Amino acid sequence: MPEPVSPRPWARGLAPTLVAWRGLVRASLQVALSYRGRMVLWVLSGFFPLLLMAVWLTVVAEAGPPAGWTTGDFLAYFAAAAVVWHVTGAHIVWEWDQDMRSGDLSSKLLLPVHPFFQYAAWDFGHRVVMAAGVVPLWILAAWALPALEYDAGVGRLILTGAAILLAWALSAVMGLTVGLLGFWSTQTTNIWMLWWGLGSLVSGWVAPLELIPDWLRSVAMVLPFRSTLGFPAELISGRLAAAEIALGFGIGLAWTTAFGVLYAIGWRRGVRRFQAVAG
Amino acid sequence: MTAPSYPPERVPAGGWRRYAHVLGVCWRAAVAEQLEYRADLFAKTLMSAFWLGWAALGVSIYFRFTGTIAGWSYGEMLVVVGLFFTLNGIRQAFFEPNLQRMGDYIRRGTLDYILTQPVDAQILVSLRHVGLHNLVDPALGLVLVGVGLGVTERAPTPVDLLAFALLLLSAIVLLYALIVGLMALSVLLVGADELDTVSFSLVELARFPVQAYRQPLQTLLVVVPVALLTTAPAQALLGRLDPLWLLASPLIAVAALALATLGWRGSLRRYTGASA
């Protein structure tokens, strides 16, 4: 029997929401597991970082290591970036966009858990299943390929895990916040793709941030996007000193909080405009 | 004033004109439907331009550290990226909307209905829908090809242009053959909605010239043959095509189309229907 959930979680504190959240995550896990074939295809079609890497390897072979990046550095970074992308990439906006148009959001509004937690739980469950598939592959590759090497101790592995969790949280909150614009435009995926596309130039997706022009890198360091991809990948590849690691976590936490506040404000204003398409 | 009289629609009796007419009707309907969402169409068009700039910028990062990659300069690389956009746009506008509907056709029994119609089912199934969202991509891609040629300061000769046209046409036919092949496969597998991942991936690999990849991937992409999609047409424009491709590329495309058509017919023979 599921435990009874208070109809007004915010009034009674966070505990009931957490109970419900556990159930929602479990449901999402089961859905993700039953569509595992689709997730395998997802991984197979997510080879874009490796494509970019392949060209870098040609550059290394022909013109020497750019900015000191050797073949091993590129392998380590892009393998990590591909994994981080798979386990954090925010797919929430597509769910959200569809729910707004189909009217499924109406039924989500009726549940006694804030839709924020419903979407976050849905995404989290799927990411966990994805991680269960991708991380062992990553470990296997690092073990089998002599060129792919991570010189990481237990401490760095734990920090990387924390950075990936933070990357997921920031992606999720950022996606949901940008998604709120749908209340005003009824259409969010275009806005999100523009947001994501601009961000990908400074997140470490298009190229490692050490290799982009200096002025762009200094902008990238203070924007939220690096925390969702480049930071964990640089961390596990051993490219960051202690102070840089601390700063990276600080920036990621600050943006997660900022988007959280923005979401709370935006939700209260936006949900009043929701006209429940269909029903 | 007499009421305007509408002549009854005359459907040409046979041959390609009949198909041109049928597809014309289908496409007009698809366009009319999508023009209902004009703001979305406008936004998608802007996004196409954005992704084009994004791709050109992304490639420029490599050239901060080197003058050429496997013999391709920045301008030449832009020609390939532009052709990638052109082909990907054609895939998204003409092929993907049809391939994505294939799963539904099979599960809901729509395919039974299509098979009873007095036109070739392959043409109807594979070309019936057209997506407006990416219709500007081929044109935008060709603009980037022009920019790339401008950067390299090389004007193609009329012979280059003819070779380019032939190779681009072969690339499109090859891509179409792949789509028909995937459709045949989805009849056999009953659905398999995700098969367009295959066509997406192959075109995505053609974002860069095959020489930019190391071995053994490079040889594999010549065999598969991703090299025919963008690398060969770009080489034709840049006047450094191995003339062998002028013969091989159309032959491979036609052979692939014949093979895919055979596969389609074979799969229909094993199709048992869903609605009956």
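The values are calculated or read from the model by the stated rules, or taken from the named source; none is laboratory data. Bear in mind the structure is a predicted one, so any value in this text is a computation, not a measurement. Every residue, glycine among them, receives a Cβ derived from its backbone with ideal geometry; neighbour counts consider all protein chains shown. Surface accessibility is based on the protein's heavy atoms, side chains included, excluding ligands, DNA and RNA. Shrake-Rupley method; radii C 1.70, N 1.55, O 1.52, S 1.80 Å.
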### Query
Quick one: is A:Ala167 more than 21 Å from A:Ala264 (Cα to Cα), touching a Pro at 6+ places or on another chain (Cβ under 6 Å) and surrounded by 16 or more Cβ atoms within 10 Å (Cβ to Cβ)?
no
### Query
Within the set of pairs 6 or more residues apart or between chains, which connect a residue that is on the phi < 0 side of the Ramachandran plot inside the range A:238-262 to a residue that is aromatic (Phe, Trp, Tyr) and open to solvent by 40 Å² or more (accessible area, probe 1.4 Å) with Cβ atoms less than 6 Å apart?
none
## Note on the structure
Among helices (runs of 4 or more DSSP H) entirely inside the range A:57-110, those with 1 or more residues being within 14 Å of chain B (Cβ to nearest Cβ) and farther than 23 Å from B:Val210 by Cβ are A:71-88, A:92-102
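Among the helices (runs of 4 or more DSSP H) confined wholly to the range A:120-208, which include 3 or more residues that are more than 20 Å from A:Leu109 (Cα to Cα)? So that I can check it myself, show each step before the final result.
Working: elements: A:154-179, A:182-185, A:189-200.
Fully inside the range A:120-208 and qualifying: A:154-179, A:189-200.
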### Query
How many residues are loosely packed, with under 12 Cβ neighbours inside 10 Å and part of a loop (DSSP other than H, G, I, E, B) when one looks only at the range B:241-264?
2
## Note on the structure
Inside the range B:265-276, the number of residues satisfying the requirement of being in a loop (DSSP other than H, G, I, E, B) and surrounded by fewer than 16 Cβ atoms within 10 Å (Cβ to Cβ) is 6
### Query
Which members of the range B:116-131 meet the condition of being modelled with pLDDT of 85 or more, of a type in the set (A, V, I, L, M) and either in a loop (DSSP other than H, G, I, E, B) or at positive phi (or both)?
B:Val130
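In this structure, is B:Leu140 among the aliphatic types (A, V, I, L, M), open to solvent by 10 Å² or more (accessible area, probe 1.4 Å) and either at pLDDT below 90 or part of a loop (DSSP other than H, G, I, E, B) (or both)? Please lay out each step first, then the result.
On the way: among the aliphatic types (A, V, I, L, M): yes; open to solvent by 10 Å² or more (accessible area, probe 1.4 Å): yes; either at pLDDT below 90 or part of a loop (DSSP other than H, G, I, E, B) (or both): no.
Answer is no for this residue.
Let's see how each residue does on (1) open to solvent by 10 Å² or more (accessible area, probe 1.4 Å); (2) within 24 Å of A:Ile236 (Cα to Cα); (3) in contact (Cβ under 8 Å) with a residue 40 or more places away in the chain:
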position: A:Gly64; (1), (2), (3): yes, yes, no
position: A:Leu75; (1), (2), (3): yes, yes, yes
position: A:Trp85; (1), (2), (3): yes, yes, yes
position: A:Arg101; (1), (2), (3): yes, no, yes
position: A:Leu105; (1), (2), (3): no, no, yes
### Task
Could you please find all residues in the range A:180-227 being open to solvent by 60 Å² or more (accessible area, probe 1.4 Å) and on the phi > 0 side of the Ramachandran plot?
A:Thr186
### Query
Taking the range A:178-194 as the region of interest, how many residues are within 11 Å of chain B (Cβ to nearest Cβ) and either more than 18 Å from the chain's Cα centre (by Cα) or without any contact (Cβ under 8 Å) to a residue 40 or more places away in the chain (or both)?
7
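Tally up the residues in the range B:211-240 that are in a loop (DSSP other than H, G, I, E, B) and within 12 Å of another protein chain (Cβ to nearest Cβ), please. I'd like the intermediate steps shown before the answer.
Looking only at the range B:211-240, we keep the residues that are in a loop (DSSP other than H, G, I, E, B), and these are B:213-216, B:224-225, B:229-230, B:238-240.
Next, only the ones that are within 12 Å of another protein chain (Cβ to nearest Cβ) stay: B:213-216.
The qualifying residues number 4.
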#### Entry: Failed condition for B:Phe208, given (1) out of contact with any strand residue (DSSP E or B) (no Cβ under 9 Å at 6 or more places or on another chain); (2) of a type outside the set (D, E, K, R); (3) within 12 Å of chain A (Cβ to nearest Cβ); (4) crowded, with 21+ Cβ neighbours inside 10 Å
(1)
### Task
Could you tell me which of the residues A:Ala147, A:Ala142 is in contact with a Leu (Cβ under 7 Å, 6 or more places away or on another chain), open to solvent by 40 Å² or more (accessible area, probe 1.4 Å) and either more than 17 Å from A:Val31 (Cβ to Cβ) or of a type in the set (Ser, Thr, Tyr) (or both)?
A:Ala147
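Picking from A:Ala20, A:Ala15, which residue would you name as being more than 28 Å from B:Thr197 (Cβ to Cβ), more than 22 Å from the chain's Cα centre (by Cα), in contact (Cβ under 8 Å) with a residue 24 or more places away in the chain and more than 7 Å from chain B (Cβ to nearest Cβ)? If you could, list the steps in order and put the result at the bottom.
Values: A:Ala15 fails: in contact (Cβ under 8 Å) with a residue 24 or more places away in the chain.
After ruling out the rest, the residue left standing is A:Ala20.
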